[in-house]
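Read the structure below first, then the notes.
The values are calculated or read from the model by the stated rules, or taken from the named source; none is laboratory data. Only a predicted model underlies this, so the values are computations on that prediction, with no experimental measurement involved. Note that we place each Cβ from the backbone using ideal geometry, even for glycine, and neighbour counts take in every protein chain shown.
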Amino acid sequence: MSQIETFYEVMRRQGITRRSFLKFCSLTAAALGLGPAFVPRIANAMETKPRTPVLWIHGLECTCCSESFIRSAHPLVKDVVLSMISLDYDDTLMAAAGHQAEASLEQTMQKYKGEYILAVEGNPPLNEDGMFCIVGGKPFLDQLKHAAKDAKAVIAWGSCASWGCVQAARPNPTQAVPIHKVITDKPIIKVPGCPPIAEVMTGVITYMLTFGKLPELDRQGRPKMFYGQRIHDKCYRRPHFDAGQFVEHWDDEGARKGYCLYKAGCKGPTSYNACSTVRWNGGVSFPIQSGHGCIGCSEDGFWDKGSFYSRLSNIPQFGIEKNADDIGLAVTGGVGAAIAAHAAVSAIKRMQDKGEQA
């Protein structure tokens, strides 16, 4: 592999001090949920390892993943794109276009054969030999297979690449499929969400650069560090759920008091993502905090699971200790019976407490 600059060399060339560099490593460790002991390890990786070549290609998608990525605050996307990685091809972000852009793709594939990471946003349509999505005059299906052939690993950005998303929703006239249905001989890291959280995207890249390996994945291929807990488990409205206090109708008294949005269709109890911890827009908020229930956009087939405003029912097991590996792929609708029993027990306990006080 041809030698390219390390992250530290690029930062020093840009006038960044050693003190600022170490501060950046500390913030990166915190963003990844790692303790202070990992700061020297991150610093060493940034100082010694060459920047990772990345090719970012686009299939059927709306570009929301790119829009999310460029708004990362920890680390800043300029540090990721300009310093941490060598983003050699991205037809949305790069200055080159047309034949120049396609030439850059081929050059990087040849120069860093077996060493580059392929990032995929969107998915390939299979119907009519892939003719529903054309890139550079060829079906995206062909570009995906070609670019993945010599990649070290593949990152599936967003629910489109990970699960198929709206393009693959019934009746799916283009026969759009997630990329793991096409690429079967490479490790694939799924980073679902519509779009994924910016810091989750940059965090996955930072981890791979720092430790030189894929992050630990759950049974569905998602990084456990960001998809290991349900949104419900760390939601600030969880105490209202436990107390049986729910929003019954939009803008009712319960909504104004910040009650749980489960009855308004919130899918937080069956959705695995970092929304309630990392949050969005630099940690400012997330959908539930802004007053709208989670629609489960990080989960497989969320477009085909009925109304976003219908409560879930029939989840096999329900408890704060359960994670994605325990519940697995069987979640098709949710927690109605468990919620009813849970709320009833809470109500009986409150009545007993009142009786004892009387």
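Out of the residues in region 82-116 that are out of contact with any Pro (no Cβ under 6 Å at 6 or more places or on another chain) and assigned to a strand (DSSP E or B), which is modelled with the lowest pLDDT? Among those residues, the one meeting the criterion is I85.
Against the definition (touching a residue at least 60 places away in the same chain (Cβ under 8 Å), out of contact with any Asp or Glu (no Cβ under 9 Å at 6 or more places or on another chain) and not in a strand (DSSP E or B)), how does C194 come out, yes or no?
Yes; evaluated as a whole, the condition is true for this residue.
Can you name every residue in region 264-279 that is among the charged types (D, E, K, R) and under 23 Å from G301 (Cβ atoms)? Of everything in region 264-279, just one residue is among the charged types (D, E, K, R) and under 23 Å from G301 (Cβ atoms), namely K267. If the condition is being in contact (Cβ under 8 Å) with a residue 60 or more places away in the chain and of a type in the set (S, T, N, Q), then region 254-282 contributes T270, N273, N281.
Looking only at residues in region 211-245 that are assigned to a loop (DSSP other than H, G, I, E, B) and out of contact with any Lys or Arg (no Cβ under 9 Å at 6 or more places or on another chain), the one that is farthest from I42 (Cα to Cα) is R237. Here is a check on your reading of the model: is H240 buried (at least 18 other Cβ atoms within 10 Å of the Cβ) and in contact (Cβ under 8 Å) with a residue 12 or more places away in the chain? When the stated conditions are applied, H240 passes them. Residues in region 168-191 that are in a strand (DSSP E or B) and not charged (D, E, K, R): A176, I188, I189, V191.
Scanning region 67-79 for residues that are buried (at least 21 other Cβ atoms within 10 Å of the Cβ) and modelled with pLDDT of 80 or more turns up S68, F69.
Taking first residues from region 299-313 that are not assigned by TED's automatic domain parsing to the domain that holds R170 and among the hydroxyl-bearing types (S, T, Y) and partners that are assigned to a helix (DSSP H, G or I) and surrounded by fewer than 19 Cβ atoms within 10 Å (Cβ to Cβ), the Cβ contacts under 6 Å between residues at least 6 apart in sequence or on separate chains come to S313/G336.
Let's see how each residue does on (1) over 17 Å from the mean Cα position of the chain (by Cα); (2) closer than 23 Å to G306 by Cα:
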residue	(1), (2)
I231	no, yes
V247	yes, yes
W250	yes, yes
C260	yes, yes
K263	yes, yes
C266	yes, yes
P269	yes, yes
Y272	no, yes
S276	no, no
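If the condition is being touching a helix residue (DSSP H, G or I) at 6+ places or on another chain (Cβ under 7 Å) and of a type outside the set (D, E, K, R), then region 229-249 contributes I231, H232, C235, F241, A243, G244, Q245, F246, V247. When region 251-300 is filtered for residues that are assigned to a loop (DSSP other than H, G, I, E, B) and of a type in the set (A, V, I, L, M), the ones remaining, listed by number, are L261, A274, V278, V284, I288, I295.
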